Amino acid sequence: MAGKSTPMMEQYHALKREAGDCLLFYRMGDFFELFFDDARTAAGVLDIALTTRGEHGGEPVPMCGVPVHSAESYLARLIRAGCRVAIAEQVETPEEAKARARREGSPVSKALVRRDIVRFVTAGTLTEEALLEPRRANLLVAICDVRGKAGIAAIDISTGRMVLEDCDPARLGAAIARLGPSEVVIPEDWPADWGEPPAGAIERARSDFASDGGERRLKDIHGVATLDGFGAFSRAMLAAAGGLIAYLDHAGRGRLPLLLPPVVRAGEAALAMDEATRASLEIVRSQQGGREGSLLAAIDRCATGAGARQLAEDLSAPLTDAAGIEARLALVGWFHADPVLRAELREVLRALPDIGRALGRIVAGRGSPRDLGQVRDGLAEARRIRDHLQARPDRPALLDALLPHLGGHGALVDLLQRALVPAPPTERQNGGFIAEGYDAGLDELRQTSGNARRAIAAMESRYREETGIAALKIRHNGVLGYFIEVPSKHADALMAPDSGFTHRQTMAGAVRFNSLGLHEEAARIAEAGGHALAAEEAHFEELTSAVAERRETIAETAAALARLDVAAGNAERAAEGDWCRPAIVEDRCLEIAGGRHPVVEAALARTGERFVANDCRLGDDDRLWLIGGPNMGGKSTFLRQSALIVLLAQAGCFVPAASARIGLVDRLFSRVGASDNLARGRSTFMVEMVETAAILAQASERSFVILDEVGRGTSTYDGLALAWAVVEAVHETLRCRCLFATHYHELSRLAETCEALSLHHVRAREWKGELVLLHELARGPADRSYGLAVARLAGVPEAVVARARAVLERLEKGRAETGGLAAGLGDLPLFAAATAVEEERVDSLRETLAALDVDALSPREALDTLYRLKQEAGSTKP
Ligand code: ADP
């Protein structure tokens, strides 16, 4: 890479232009090299040395490289860091390059090996086992606008599942949040009135997103004259599919991955949740962004990666039809009732290979003999599972629907079993994966080379005898092939012209020879070996296409196994935590007895603490619960656990409760007041209000809403006023089921006017000046907020707490005199809470005194106690 325009440099720049904003992996021998800015980026992400090579425009060219044999792990890290990579391979050997130069009449010594980009590696187009997380789906999504409507095409190319849907442009954010894609592709002219395009989206030419083009591609790929058999697809869906396939074409350089027939996602079939709700409920990832701490992590007991991926999908899109939910629950119930059967099945599933992903690699042309072996073993096992389950009585309907998909691959399994060795290798260059007895010709070739090897061994002892050199050896290396080696001191005898040996190489201490006989046997081995490899390669192609031909039915088997795994895993989780099967009903109730929060409960269990179960009882005449009580008292936990129980139930899971009756919910909303969302560049209060507005616009009578401290992000008067108005609107207009946590005592007065609203609080006690949080929900308004006690619990210095107490006294006195914050809202002034507080404090003094064992105090302790009591008493006086 010296000078300005070496041929290599020109080739590099041409490839780099093609690679665009992808990092270019430029193959040089055993390394992929990166240059210029690519090298700087990669060296930073990978933490590898940045060197230089030659110069360009008088400047040294920055360079770094990764070894080809371990490129996958480096790729994984680059992809995780948000990079995309173009792989430029050598597409001819140096010999071929020289021959070409000779033909073209250019200098042979400078012949440059031709290179091409063979593939783009991007987050959404991975199939390699090493680059994928086994328990997470990996979605590539294309979004496109057609006459103001949005179409979405989503595919997990590791398994080939493709889903198309229409989407209201206003709900795009929610749809993307539901899908959680690794990569998004959009047309370059994203409609301006749709707001910002999805973060990190890749822009492609508008012409890629043509609906008729998309339709034609789908028909070609699946060999059908019409798509009607797959479903009814809108123009927007087909345009999105077109954009998706064009991008796959681009990334795979014309080689398409596994694409199963597209299916239409029915929007109404899923419980609707927007982005904010998903984030606040921490369904498949926690607020920190990881899986840990999420609902998914707390309930996932799946034995297979495919099961875990299906569970994540179930939780992301719970159902809204009672029949579908009941079908899943019945299967979970069946496994729940039979722990032995469940354990057996899970044991078998744990050993099952990921056939969906193996199939994906095979169809994408990146399959290995091992992948074929995985398909063979997985399908064989699926059939055994079918036979085992089919023999059971009282099978639920969903199981009977799944079982037929587990079989039907007899001929293919048989073929693979005959053709492959028991544990085929991941590399196919060296052969050795086709079993003996499958191909007589191949066996013969193997025998020939085996015989020749034996002949060479015999030749060695014969030569030793003939020459009388006991140290003579026949050896093999990669450069010379087979050769005869003797120590130097014996070499002369073999050097003689009539010895029958020809000299090949003199080493320090040894000399190497050839002989006619050895040459012949070696040629036989090489020829037979070459033919054997070619034969194995041909069989690999046949077997691969035999598998690819049945891709749809194999994918169905994989899906059925995943569904079984989810059900058995859910049953396992339920048994572990003593969870119950929820009753799904049509009336608008939400009756949970002994409800628990699965994530908080698990976190507490780790430190040996007990979770306090609580009941929730919403119905038509008691739709809205207003929940007060101290900070840290458990309000948020109660709100979220109620929402999670609804979500779990509609996803077809058992729920963490003693019993649950759940009236179907169409939309679920969860909002936390003034949650920090600075990343989106809005003030926290603005976010709170935008989210509240969305609920007020979208919730229906069938919805379930949890609102946590709404109105907290602004001044007291504004906040109270807004919270008041929101509660009234939820009660009067939306008429949905709602849990509303608040620290505004003043809202209690709404109970006087709203007939379907009731007051509740989380209980707390102050004992000997210490706050005790009971995490127990009780009827009635909260008496006070215990803010100062919480501050003290949190370690705020005593002097500050004492000062705050003095300020509070003043404020409360003022409130008692003027009627307080909500004085203008009705005729009745609020309770003068200050007097209550004062009484409490006197009580606590009395309690402390009563608890003192005067005789046991040292004079010093007595004095300290006296000072403390005096201070506490003093702080109640303004
Ligand atoms: P709030 O919303 O009232 O401020 P949280 O719901 O955030 O309170 O709860 C604070 C902490 O209290 C939780 O992190 C948890 O450790 C504990 N907690 C909440 N609910 C319970 C419960 N039912 N049983 C036991 N501990 C609980």
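Coordinate-derived values only; no laboratory data. In this text the structure is predicted, and so the values were computed from the model without any measurement. Cβ coordinates were reconstructed from backbone atoms using ideal geometry, including for glycine residues, and neighbour counts include every protein chain displayed.
At 0.36 nm per residue, and after removing the present C-alpha to C-alpha distance, how many nm does the segment from ALA816 to LYS768 gain when stretched out fully?
14.6 nm
Kindly put TRP194, TRP767, TRP579, TRP724 in sequence by how many other C-beta atoms sit within 10 Å of each C-beta, fewest to most.
Listed from fewest to most nearby Cβ atoms, that is TRP767, TRP194, TRP724, TRP579.
Taking neighbour counts of Cβ atoms within 10 Å as a proxy for exposure, in what order, fewest first, do LYS149, LYS635 appear?
LYS149, LYS635
Output the relative contact order of the chain, whole-number percent, from Cα pairs under 8 angstrom with separation of 6+ residues.
It rounds to 9 percent for the chain.
Quick one: check the C-alpha center-to-center distance for region 496-546 versus region 210-264, whole angstrom.
Taking the Cα centre of each part, region 496-546 and region 210-264 sit 50 Å apart.
Among DSSP bridges having both ends in region 648-800, what percentage is antiparallel? Round to the nearest 5.
The antiparallel fraction comes to roughly 40 percent.
Out of all DSSP beta bridges with both ends in the chain, state the antiparallel percent to the nearest 5.
65
Which distance in nm do the two modelled labels at ARG418 and GLU444 give, with both placed 7 Å along the Cα-to-Cβ direction?
Calculated label separation equals 1.9 nm.
Indicate, rounded to the nearest 5 percent, the antiparallel portion of the DSSP beta bridges found entirely in region 79-220.
Restricted to region 79-220, the bridges split so that about 80 percent are antiparallel.
Starting from the Cα of LYS16, draw a straight line to each of the lysines and keep only those under 23 Å, dropping any in the same chain fewer than 8 residues away.
LYS4, LYS110
If each residue of separation counts as 0.36 nm, what is the full-extension length gain between GLU798 and ARG350 once their alpha-carbon separation is subtracted?
So the chain would gain 155.7 nm between GLU798 and ARG350.
Tell me, ASP37, ASP621, ASP371, ASP377 in order of fewest to most beta-carbon neighbours within 10 Å?
ASP621, ASP37, ASP377, ASP371
Which length gain, in nm to one decimal place, applies between ARG846 and ARG464 when the Cα-Cα distance is subtracted from 0.36 nm times their residue separation?
126.6 nm
Quick check: from the Cα gyration tensor, does the chain come out rounded (a/c under 1.5), prolate or oblate?
It comes out prolate by the Cα gyration axes.
With each label point set 7 Å from Cα along the Cα-Cβ vector, what nm distance links GLN871 and GLU541?
Taking the two extended label points, one gets 8.8 nm.
Mind running the shape call on region 760-816? Use the C-alpha gyration tensor, a ≥ b ≥ c as the square roots of the eigenvalues: rounded below 1.5 for a/c, prolate if a/b tops b/c, oblate otherwise.
Oblate shape, in that a/c is at least 1.5 and b/c is the bigger or equal ratio.
Take each of the peptides 606-616, 109-119, average the number of other beta-carbon atoms within 10 Å over its residues, and list them starting from the highest.
Averaged packing, sorted descending, gives the order 109-119, 606-616.
In nm, to one decimal, how far is the ASP168 label point from the ASP228 one, both placed 7 Å along Cα→Cβ?
According to this spin-label approximation, the distance is 3.1 nm.
Could you size up the charge dipole of the chain around its Cα centre, putting +1 on the beta carbon of Lys and Arg and -1 on that of Asp and Glu, and report it in debye to the nearest 20?
Dipole magnitude for the chain comes out near 1400 debye.
Between ARG606 and GLU203, what is the FRET efficiency for a Förster distance of 41 Å, r being their Cβ-Cβ separation, to the nearest 0.05?
0.35
In what sequence, highest mean first, do 572-578, 867-873, 760-766, 556-562 appear when ranked by Cβ atoms within 10 angstrom?
Answer by packing, highest mean first, reads 556-562, 760-766, 572-578, 867-873.
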